[in-house]
Amino acid sequence: MNINKLFLACAIASITSFTPANAGTIETLERERALAMETILNPELSPSERQAKLDTYKIRLIDLERMVLRDGSLKGRNTPVVRKAFENYDLTFLVHGTTENNLALTDGWLAQVGITTQSLMSASIRKRW
Amino acid sequence: MKLSYLNKTALMLSVIVSIEVIAVQQVLANSNTPSKWTSAVTERMVKLPMPHLKKRLERDFSQSDLGIELTKKEEDLAYKTNTLSDLKAAVQEADGGLKTELRHQFLDEKRAYLEMVSGKNKLRKKQLSTKLRVFKQMLDGLNEKKNIGSPARQTLMKLQNEASSRFKSSLNAVDSEIFQLSDAPESKYSIKYTKNLHAIEKLSQRLQSHNMNKSPIVDGEPISKADYLRRLVSEAQAEISILDQENTILGYMARLVALDALVLSDEVQEVVVTNSDTAVVVTPALAVDFFMTN
């Protein structure tokens, strides 16, 4: 009787326990992405320095983006962080999005936040009151 | 002799009363049986393979107090049926006072049989109700999983599914672009993930082909868990309906036994009346001889 109960408990535990519960994948991705953005916007870096740094971030971002996309615990988790993350694939999964669209990381990000060459060229310099 | 018949008549009347009490009990179906079965199989176990779940439920019941009592009652009923069969044969062969005595005994045994079947049916109904409750809870659990919730959650899940399929379709392209063209080394995560993925695929194939994990097959066709559970629910419901019908049969049987008892009682009373008619009436004239001598 007890052995049967034990066996059953193990069987259920084995079925229910392998679901990953890694809630921090999005936060880690966001942290890394923020550093990449900081690098893009850093005026103190030379173009070659910026590119070298971004290449390093790119490799790390690929893994982090894949971790989020493969994280089963996020499925249907209706929280603001998760909702925001999946609202815009190209912005959250920047490396995958830009590679898919044959864009450089910086160009892809700028396009997603609404800054294009055309919009920059048509912008006029004026004094802010 | 007369006193014996009177006793029998009184006995018959008591039998009638007791039978009527049983008949009323049948109708009211009061349940004061102490045995219980609180199933250890819960709705969480819906994750187990379905055929295994059914077996587990049956085993759980057979080990419970209720299951043990039901098995005992079924054994007793088999013996009681044999007794009834023997008594019926004996009644047909006997005659006179012995036949009346055996008919009385036969009626008494029939009453006891009805009481036992009634008790057994109450236990069976308890078993079926518990089974039905467990299956319904499991079915509700499955339906809850299917129900994806609020519109916001539905939108999120739609976006997640779209992201997942977009990611899968672009995975190879991204790999060749980043790792092969740029000569960047593959990350530790990526290497380990690929390695683990192969292991997961192998295990998943083994799981799919495992005998205990196969979909339940009904009429030669594999069916889903929900369909299988719905089948089990309707089977349990059908058994409960049949049990109710059996109780109606028992009610009719009890009424027949009561009527048979009345017939027997009337027959015995008739014998008493006939005997009193033929008895010699003692009058003073018959005692005259006693007064003729000193």
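The values are calculated or read from the model by the stated rules, or taken from the named source; none is laboratory data. Predicted model only: the values in this text are computed from it and were never measured. Positions of Cβ are backbone-derived with ideal geometry, glycine not excepted, and every protein chain shown enters the neighbour counts. With ligands, DNA and RNA removed, areas are computed over all heavy atoms of the protein, side chains included. Shrake-Rupley method; radii C 1.70, N 1.55, O 1.52, S 1.80 Å.
Brief remarks on what is shown
- All other residues whose Cβ lies under 14 angstrom from that of residue B:238 are scored, Lys and Arg at +1 and Asp and Glu at -1, for a net of +1.
- Cut-off 13 Å between beta-carbons: net charge of the residues surrounding residue B:117, Lys and Arg +1, Asp and Glu -1: +3
- HN-Hα J in Hz across region B:185-200 - Karplus 6.51, -1.76, 1.60, θ = phi - 60°, x for Gly and Pro: x, 5, 6, 4, 4, 5, 5, 5, 5, 4, 4, 5, 4, 5, 4, 5
- Label-reachable residues, region B:185-209, where backbone N falls under 15 Å from a point 7 Å from residue A:28's Cα toward its Cβ: B:187-194
- Spin-label zone in region B:105-120 - amide nitrogen under 18 Å from a point set 7 Å from the Cα of residue B:94 along the C-beta vector: B:105-113
- Among the listed pairs B:120/B:214; B:55/B:110; B:80/B:225; B:73/B:136; B:55/B:202, those whose Cα-Cα separation exceeds 32 Å are B:120/B:214; B:55/B:110; B:80/B:225.
- Given their separation in residues at 0.36 nm each and the Cα-Cα distance between them, residue B:78 and residue B:105 gain 7.9 nm when the chain is fully extended.
- Here residue B:226 and residue B:38 are evaluated by their C-beta separation; at R0 = 25 Å the FRET efficiency comes out at 0.50.
- Residue B:166 sits with roughly 60 Å² accessible to a 1.4 Å probe, with DNA, RNA and ligands left out of the calculation.
- Counting 0.36 nm for each residue step from residue B:204 to residue B:58 and taking away their Cα separation leaves a gain of 49.6 nm.
- Computed accessible area, residue A:25, all protein chains, 1.4 angstrom probe, square angstrom: 10
- Potential lengthening between residue B:86 and residue B:65 on full extension [0.36 nm per residue; Cα-Cα distance subtracted]: 4.4 nm
- Charge tally around residue A:85: other residues with Cβ under 15 Å, Lys/Arg +1 each, Asp/Glu -1 each, net +3.
- Residue B:268 accessible area, 1.4 Å probe, all protein chains in place, Å² to nearest 10: 10
- Unit charges on C-beta of K, R, D, E only; dipole of region B:154-194, Debye: 260
- Of B:168, A:58, the residue with the largest accessible area leads and the full order is B:168, A:58 (1.4 Å probe).
- Listed residues A:121, A:86, A:106: farthest to the positive end of the dipole of region A:76-126 (Cβ charges): A:86
- With every protein chain in place and a 1.4 angstrom probe, the accessible-area ranking of A:96, B:210, largest first, reads B:210, A:96.
- For region B:75-186, the Cβ-based charge dipole about the Cα centre amounts to some 700 debye (Lys, Arg positive; Asp, Glu negative; other atoms uncharged).
- Residues B:125, B:88 ordered from highest to lowest accessible area at a 1.4 Å probe: B:88, B:125.
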